[in-house]
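Since the structure comes first, as structure tokens, the remarks are kept for the end.
Please treat every number below as a calculation from the coordinates, not as lab data. Predicted, not measured: the structure shown is a model, and the values here were computed from it. Heads up, the Cβs are rebuilt from the backbone with ideal geometry, glycines too, and the neighbour counts pull from every protein chain shown.
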Protein chains: 2
Amino acid sequence: MPKRTSHEDASCTVARPLDAIGDGWSLLIIRDAFDGLRRFGEFQRNLGLAKNILSARLQNLVTHGILRTVPAGDGSPYQEYVLTEKGRGLFPVLVALRQWSEEHFFGPEESRTRLVDAQDGQPLPPLRILSHDGRELGPEDTTPITHNGDS
Amino acid sequence: MPKRTSHEDASCTVARPLDAIGDGWSLLIIRDAFDGLRRFGEFQRNLGLAKNILSARLQNLVTHGILRTVPAGDGSPYQEYVLTEKGRGLFPVLVALRQWSEEHFFGPEESRTRLVDAQDGQPLPPLRILSHDGRELGPEDTTPITHNGDS
């Protein structure tokens, strides 16, 4: 098994968060948390994941400030896991991933879960990457630079 | 080492692409491909990844239609890896991930790489999730449904 590399000191904005969310199970836990799941047993049943692995993934998400634990709302001794503001900030990442997936991994007749507007049930239009003055940008219209912070 | 679970039959749009891109190295290879890297040796030097692991990740991305191989442009015997249209479709996912990362994983004075508008060097404004009629949507304004395809 290859040594796990930490990306926490990376200056690249793609690399640094990978210790927190760079494995598939963590993304699925975050998806479930957005869908309203809160308890260990709920995640475990929905994901079919071994308890020790689920436990480690949940703890890692808490450590990275994406989930936090709260006492169960019904007064039972369980703790529940809820998204922090940082975790909720992943909403555009999940929407972008779902849209890409739906376009490229599903045939037109295949059943799939998708996010829709809760108000009118309409699908979300494709995300567009816009410049500050409203031009639509593709990959070739952007360039990576090193930003030295606001100091 | 836990048995690797395949998500390729999942009906969830978050889960199904995870066989293709659900590990950190694959995302970093895709990032490098967007930045213009094309050769095995270029990826290897930039990522510092063992050759056998890099080779397996590249092959997996080719298998899933995210990268394709082309003959080297300079007539040398090397092959090069370029993003397919499917791969280029990941641009909004990477932009969303970079924006979240920059907001939550970097202090204000830390140096970081960021994508800017190639035309004027301005940073990209935060992605907004909009409804078909232009309302801004947060997580609570959407709901997952099962869509049975267009059959």
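Please give the charge dipole size of the stretch A:18-88, origin at the Cα centre, charges +1 on K and R Cβ atoms and -1 on D and E Cβ atoms. Round to the nearest 20 debye. Walk me through the numbers on the way to the answer.
Numbers: 9 positive and 8 negative charges, 10 e Å.
Magnitude of the dipole: close to 40 debye.
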Nearest-0.05 FRET efficiency for B:I53 and A:D150, computed from C-beta distance (R0 35 Å): 0.45
Net charge near B:T143 (other residues with Cβ under 12 Å of its Cβ; Lys, Arg +1; Asp, Glu -1) is -4
Could you pull the copy-to-copy label distances for B:G36, with points set 7 Å along Cα to Cβ, in nm to one decimal and sorted shortest first? 4.9
If a/c stays under 1.5 just call it rounded; otherwise compare a/b with b/c (prolate if a/b is bigger, oblate if not). Do that for the protein assembly as shown, with a ≥ b ≥ c from the square roots of the Cα gyration tensor eigenvalues. rounded
Could you pull the copy-to-copy label distances for A:N148, with points set 7 Å along Cα to Cβ, in nm to one decimal and sorted shortest first? 6.1
Could you give the nm distance between label points at A:H132 and A:E109, where each point is 7 Å from its Cα heading toward the beta carbon? 5.1 nm
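Rounded if a/c is under 1.5, else prolate if a/b is larger than b/c, else oblate: which is the stretch A:18-88, with a ≥ b ≥ c the root eigenvalues of its Cα gyration tensor? Before the final figure, lay out the partial values.
Details: a/c = 1.67, a/b = 1.24, b/c = 1.35.
Oblate.
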Using amide H atoms built 1.01 Å from N in the peptide plane, name the residues 5+ places from B:H7, or on other chains, whose amide H lies under 5 Å from its own. B:D19
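Let me confirm one metric for peptide A:34-43, namely the mean number of other chain beta-carbon atoms within 10 Å of its residues' beta-carbons.
Whole-number average of other-chain Cβ neighbours for A:34-43 is 1.
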Kindly give the distances from A:S11 to its copy-mates, label point to label point, with each label point 7 Å from Cα along Cα→Cβ, as nm values to one decimal ordered shortest first. 4.8
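Would you compute, from DSSP H runs of 4+ residues alone, the mean residue ellipticity of chain B at 222 nm, taking -39500 (n - 2.57) per run and dividing by the full residue count, rounded to the nearest 500?
-10000 deg cm²/dmol
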In chain A, if the dipole is taken from +1 on Lys/Arg beta carbons and -1 on Asp/Glu beta carbons about the Cα centre, which of A:I129, A:T5, A:T146 is farthest to the positive end? A:T5
Between A:T69 and A:F40, what is the label-to-label distance in nm when each label sits 7 Å out along the Cα-to-Cβ direction? 0.8 nm
What order, most packed first, do the peptides A:70-77, B:125-132 have when packing is the mean number of other Cβ atoms within 10 Å of each residue? B:125-132, A:70-77
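I want the local charge near B:L47. Using Cβ-Cβ distances under 11 Å, sum +1 for each Lys or Arg and -1 for each Asp or Glu among the other residues. Walk me through the numbers on the way to the answer.
Details: positive: B:R31, B:R45, B:K51, B:R57; negative: B:D32, B:E42.
Result for the local shell: +2.
Report the net charge of residues surrounding B:P17, where surrounding means a beta-carbon distance below 11 angstrom and charges are Lys +1, Arg +1, Asp -1, Glu -1. Can you show the working numbers first?
Working: positive: A:R98, B:R16, B:K86; negative: A:E102, A:E103, B:E8, B:D19.
Taking every other residue near B:P17 into account, the sum is -1.
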